[in-house]
Each structure stands twice: as C-alpha cells, then as structure tokens.
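The values are calculated or read from the model by the stated rules, or taken from the named source; none is laboratory data. Please read these numbers as outputs of a predicted model, since none were measured by experiment. All Cβ positions, even for glycine, are placed from backbone atoms using ideal geometry, and neighbour counts span all protein chains on display. In case anyone asks, the SASA skips ligands and DNA or RNA and just uses the protein heavy atoms, side chains included. Shrake-Rupley method; radii C 1.70, N 1.55, O 1.52, S 1.80 Å.
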Amino acid sequence: MGEEVRLRIAPSPTGDPHVGTAYMALFNKAYAHGHGGKFILRIEDTDQTRYNEGSEREILSSLDWLGLTPDEGPGIGGPYGPYVQTQRRELYTQAAGALIAREHAYRCFCTKERLDEMYREQAARKEPPRYDRTCRNLDAVRIAWNIAEGIPHTVRLKVPDDGTTTFNDLIRGEISFENRVLNDPIILKSDGLPVYHLAVVVDDHHMMISHVVRAEEWISSTPLHVLLYDALGWEPPKFVHMPLLRNADRSKISKRKNNTSLKWYREQ
Ligand code: GLU
C-alpha cells in the first residue's frame with residue numbers, strides 16, 4: 001500500500017443510483033479530501049445478468065449533482081484505470097492463476113445440477129448451504145483431462161479447515177470469523193468473470209486503495225477478502241464498515257417503503 005490516502009466507492013450499475021451510494025460517497029470523499037487524498041469511482045459490472053445500460057451515466061451525473069464528483073473514474077480518467085471491472089478481466093484471470101499455482105485455490109468442475117441437488121438436500125436437513133469440497137482434492141491427471149475435454153469449471157478459494165480469520169475495523173475494532181463457517185467460495189465463474197470477492201480485492205490492490213469504507217452489510221465478506229490478500233501476498237487496506245441508512249424506527253430503508261432512488265430526489 002502506498003502513502004497516499006485513496007478511497008473509493010464501487011457501485012454496481014444495476015438500476016437507478018441508490019441513496020446509499022451517495023451516503024457512502026459522502027464519507028469516502030470527505031475522508032479522502034480531509035487527508036489530502038483521492039476519491040475514486042469504480043463500476044462493479046461483473047454481474048452481467050443485472051447490468052443496466054445507462055446506470056453508469058446516472059451514477060456519475062447524480063454524484064455531480066450532489067457535489068460528490070470523483071477525482072478518478074470512468075469518463076474522468078486517472079492513473080489506475082480502467083475503472084470499469086469488465087475492462088479489467090486480465091487482472092482477475094492472472095490473480096486466479098496465481099492462486100491456483102500456489103494451491104490457495106482450485107478448479108471446480110461440479111455442475112449446477114449437482115450443486116443444486118446438494119443444496120436442496122442440505123436445506124431438507126435444515127443445514128446452511130455449503131459446498132462439499134468434492135473438487136478440492138482432485139488429482140492432477142483428472143484435472144488435466146477435464147481441462148482437455150473442455151469441461152466448464154469455476155475457481156474456488158481454499159479456505160483453511162480450522163482457525164479464525166481476524167481483521168481490524170477502524171470503527172468496530174477486532175472482528176473474527178471462524179474459518180469453519182466460511183465456505184470455499186467461487187472466485188472466478190465459468191464464463192471467466194470474477195465474483196465480487198476476487199474483483200474487489202484485485203482492484204483495491206491495483207488501485208492502491210488505502211481505506212475501504214463501505215456499508216456494514218459487507219462485514220461478513222471481509223474475512224474472505226483478508227484470506228485473499230494473504231494468499232496473494234498483498235497487504236490489505238484499512239477497513240471501515242459504516243452503519244446502514246435507516247428509518248426513524250430503525251428499520252432498513254428499502255425500495256418498497258422508501259424512495260431510494262437519487263433520481264427521484266433530484267426530480268423533487
Ligand atoms: N459493489 C459493491 C456494492 O454495490 C461494493 C461493496 C464494496 O464497497 O466493497 O456496494
């Protein structure tokens with residue numbers, strides 16, 4: 001990690017920009033500029049099924065309207081671009097390859113049908129959904145054969161069987177998770193695109209992000225990120241998880257009960 005204070009928001013372009021994005025942008029920009037640093041916008045568009053055209057433009061124009069214009073981002077530029085994840089595929093493929101080579105990740109050839117069946121059985125036994133790690137110990141010959149046959153595969157992170165993963169949150173202090181409860185998550189999908197966990201770590205590292213300030217709903221993902229930083233031999237940024245926006249009765253704001261679209265507020 002460099003000396004410069006660099007913070008980012010990383011919204012997904014899935015529809016109308018959400019008030020939560022502006023709320024996070026406010027803290028990120030204030031902290032970055034309060035410390036002579038930079039505020040960055042990155043578009044997390046690797047979930048192509050939820051991609052909404054025009055959403056990226058709306059995010060930028062809403063941020064401009066609120067005086068929260070980023071210093072770096074798509075359409076703005078900056079030294080660590082591109083700032084859109086689907087334009088950064090090469091970096092995720094490289095990271096996944098490095099993780100496999102170091103035996104921190106493995107190829108999983110399980111079909112969707114097999115996994116669905118397994119999750120159905122687990123649900124019937126009232127167990128949480130959990131990958132049974134069938135592909136974790138495949139022998140090298142079998143893996144080579146599967147690849148040669150062109151059998152589609154994902155890449156999964158090898159989470160240690162026991163022990164705990166701990167990180168420090170600048171607001172909340174030390175937070176620990178037992179590795180036992182962390183699944184071996186998919187980090188690269190069979191279409192070659194990364195899932196959030198891999199992409200966020202790779203991008204925050206390469207974009208030299210010093211502080212990750214995001215909503216508290218991401219706390220449970222952070223141990224996976226810490227494991228990924230470790231496995232890749234990278235230093236993690238500082239983590240800050242902010243309280244969610246709530247109604248006066250403390251319930252979460254949601255599309256059903258509130259106007260959560262920045263566009264709506266602007267129109268009013
Ligand atoms: N794409 C995530 C979101 O939509 C980013 C979470 C993060 O800041 O790491 O909120």
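Give 49, 69 a once-over and let me know the one that is of a type in the set (Val, Ile, Thr), over 26 Å from residue 170 (Cβ atoms) and away from the ligand (no atom under 14 Å from the Cβ).
49
If I filter segment 174-184 for residues that are modelled with pLDDT of 95 or more and under 20 Å from residue 244 (Cα atoms), do I get at least one hit?
Within segment 174-184 (the criterion being modelled with pLDDT of 95 or more and under 20 Å from residue 244 (Cα atoms)), the answer is yes, since at least one residue qualifies.
Answer with yes or no whether residue 94 is polar (S, T, N, Q), open to solvent by 50 Å² or more (accessible area, probe 1.4 Å), more than 13 Å from the ligand (Cβ to nearest atom) and modelled with pLDDT of 95 or more.
Answer is yes for this residue.
For (1) of a type in the set (A, V, I, L, M); (2) touching a strand residue (DSSP E or B) at 6+ places or on another chain (Cβ under 7 Å); (3) open to solvent by less than 20 Å² (accessible area, probe 1.4 Å), each residue gets a yes or a no:
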position	(1), (2), (3)
86	no, no, no
126	no, no, no
169	no, yes, yes
177	no, yes, no
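Counting just the residues of segment 20-33 that are among the aliphatic types (A, V, I, L, M) and either assigned to a loop (DSSP other than H, G, I, E, B) or more than 13 Å from the ligand (Cβ to nearest atom) (or both), which one comes out surrounded by the most Cβ atoms within 10 Å (Cβ to Cβ)?
32
Considering only residues that are near the ligand (Cβ under 9 Å from one of its atoms) and buried (at least 19 other Cβ atoms within 10 Å of the Cβ), look in segment 1-19 and name the one that is farthest from residue 193 (Cα to Cα).
Here the residue is 18.
Conditions: (1) surrounded by 13 or more Cβ atoms within 10 Å (Cβ to Cβ); (2) free of Cβ contacts under 8 Å to residues at least 40 places away in the same chain; (3) of a type outside the set (Ser, Thr, Tyr); (4) in a loop (DSSP other than H, G, I, E, B). Residue 115 meets all but one. Number of the miss?
All conditions pass for residue 115, except number (4).
Tell me, yes or no, whether segment 179-191 has at least one residue that is farther than 24 Å from residue 51 by Cα, among the basic types (Lys, Arg) and touching an Asp or Glu at 6+ places or on another chain (Cβ under 8 Å).
yes
Taking residue 155 as the residue in question, decide whether it is open to solvent by less than 10 Å² (accessible area, probe 1.4 Å), part of a loop (DSSP other than H, G, I, E, B), among the aliphatic types (A, V, I, L, M) and away from the ligand (no atom under 16 Å from the Cβ).
The answer is no for residue 155.
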